[in-house]
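Below: one structure, written as structure tokens.
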Amino acid sequence: MGYDELSRQNISSSPDVELKEESTINKKESAHDNNEIFSKPLTKTVDNQDDKEDSLEWAKEAYARLKAQQDLKSKEQDKQIATTKVEEIKRDDIQEKSQLIESDQFFSNQSSKVVEEPKLGNFDDAFTWSTEVLAAQGRTKDEISLEEIDWLGRLRRGLEKSRQNFVTGLLEKLGDDPLTPEVVDDLETLLLRADAGVTATDQILEALRRRLNEQVVDASEGLRFLKEKLCDLLDKPIKTTGNDLLIPEKGCLNIWLFVGVNGVGKTTTLGKVANLAVRSGYSALIAAADTFRAAAVQQVKIWGDRSGIPVIANASSNADPAAVVFDAIGAAQAKGVDLLLVDTAGRLQTKHNLMEELQKVRRIIEKLAPDARVESLLVLDSSQGQNGLRQAMAFAKSASLTGVVITKLDGTSRGGVALAVASEANLPIRFIGAGEGIRDLRPFKSFEFVEALLAKR
């Protein structure tokens, strides 16, 4: 069973491999075949205490399955490497020991160039929390993938500082007693300090006050209700697009422009999205249209090399960005590429001449590829707080934004800017980055984000 990281779903692998996996895993599962809890997804909230024992056993089953898969894959890789080495030795008729050592060094160097695959860690609190998040979304233990576990662990670790700043105060305010109007007033301060913005804060508190007028709300129910409203806010602009996840459409050219001010991680984000697309089976091409910043083109080429993606660039200084995009569209159409990723120059939202340059690029796209599916993604540094919201509002007017990528959630950010962008700029969040690694960026899912932000442990 493989995993498409862009569409966030499992994909079938070869029948032979699946049969081997099933025969290994079934031995470990047989003891629980008659227990209905293991054949159905858990649908309760992550913090529900009633079924902790069942969810722990469920997590153990999922861990055993993933461990069997990893062990099988490791054995197959070792066997393949050994077979390849033997073939190399036979072909070259190697007899000297020094030649054998050189062969070992060659294979070691080759493997170091491969992007590190996720590995299953220990059966610990982070793993059980990840399985609970996936189970609450309707996943069965047989559907959970190592890539999902790996990402949720990264997201949870990345939001650690945000969680400490927000959740500690939140839990202190909630306490163990039923919610009171005074507690709700205190939550307002916490949300504003978390950069959630006035609009999002007002909507959440208004809903909570309505609930308090209808019934007594204890602390656990208050937290569950808060999570639900946060997800609703984040999902609203996404639902208006008709696409829960941003995925390249097969059979046509998809063009994604990355825009934003300097220093937000725009080029790095493009490189990570490019790698994500390739891992998910899409062909890609990069246009190095940031021709104003020193070394920008070289940086894009490095990212292209890391993922084996061609880069269209103009080596001359201060080249016309629109001309680079012109050449890139021609190359993408000639090669039948699925996804063209365009890196643009960093610019302040107040610089009208630079904003007009973006509009020029859009006109080139409309002329050369009128049928292309175009996305304009604003990259925001989450630590910039309300300034990030102002950027989103300004770019939305000039750059025809269709979505946002939020980066650097592993830093000193408070995470609330995501709520402000969704509620006030009405822009869907498409990707989030929670670390420096090449795998530390994924398609955005509100439920996972909220659970990681408000995790109690």
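Just give me the residues in region 237-263 being charged (D, E, K, R) and over 11 Å from A372 (Cβ atoms), in sequence order. Across region 237-263, the qualifying residues are K239, D244, K250. I'd like the full set of residues that are within 11 Å of the chain's Cα centre (by Cα) and either at pLDDT below 95 or under 14 Å from N275 (Cβ atoms) (or both), limited to region 433-444. Result: G433, A434, G435, I438, R439, D440, L441, R442, P443. The set of residues from region 179-217 being open to solvent by 70 Å² or more (accessible area, probe 1.4 Å) and not in a helix (DSSP H, G or I) comprises Q215, V216.
Note on region 160-178: residues that are in a helix (DSSP H, G or I) and among the small types (G, A, S) amount to 2. If the condition is being part of a helix (DSSP H, G or I) and open to solvent by less than 10 Å² (accessible area, probe 1.4 Å), then region 369-388 contributes S382, G388.
A count restricted to region 120-145 and to residues that are of a type in the set (A, V, I, L, M, F, W, C), over 14 Å from K456 (Cβ atoms) and not in a loop (DSSP other than H, G, I, E, B) stands at 4. Of all residue pairs spaced 6 or more apart or on separate chains, those with beta-carbon atoms under 8 Å, a first member in region 210-237 that is farther than 13 Å from L170 by Cα and a second member that is basic (K, R) and in a helix (DSSP H, G or I) are V217/R211; F225/R211.
Answer yes or no as to whether A394 is surrounded by fewer than 22 Cβ atoms within 10 Å (Cβ to Cβ) and in a helix (DSSP H, G or I). Yes; evaluated as a whole, the condition is true for this residue. Taking the criterion of being surrounded by fewer than 24 Cβ atoms within 10 Å (Cβ to Cβ) and closer than 17 Å to F225 by Cβ, the residues of region 418-448 that qualify are S446, F447. For region 413-434, enumerate the residues that are on the phi > 0 side of the Ramachandran plot and either touching an Asp or Glu at 6+ places or on another chain (Cβ under 8 Å) or part of a helix (DSSP H, G or I) (or both). If the condition is that a residue be on the phi > 0 side of the Ramachandran plot and either touching an Asp or Glu at 6+ places or on another chain (Cβ under 8 Å) or part of a helix (DSSP H, G or I) (or both), then G415 is the only one that fits.
Residues that are open to solvent by less than 40 Å² (accessible area, probe 1.4 Å) and within 30 Å of the chain's Cα centre (by Cα) within region 316-329 comprise P321, A322, V324, V325, A328, I329, listed in sequence order. Quick check: anything in region 146-159 among the aromatic types (F, W, Y), under 17 Å from L419 (Cβ atoms), in contact (Cβ under 8 Å) with a residue 60 or more places away in the chain and in a helix (DSSP H, G or I)? No - not one qualifying residue is present in region 146-159.
What residue, among those in region 240-274 that are at pLDDT below 90 and in contact with a strand residue (DSSP E or B) (Cβ under 8 Å, 6 or more places away or on another chain), is surrounded by the fewest Cβ atoms within 10 Å (Cβ to Cβ)? The extreme case among them is G263.
The values are calculated or read from the model by the stated rules, or taken from the named source; none is laboratory data. Remember, predicted model here, so these are calculated numbers, not experimental data. Neighbour counts are summed over all protein chains in view; Cβ atoms, including those assigned to glycine, are modelled from backbone coordinates with ideal geometry. Accessible surface areas use protein heavy atoms only, side chains included; no ligands, DNA or RNA. Shrake-Rupley method; radii C 1.70, N 1.55, O 1.52, S 1.80 Å.
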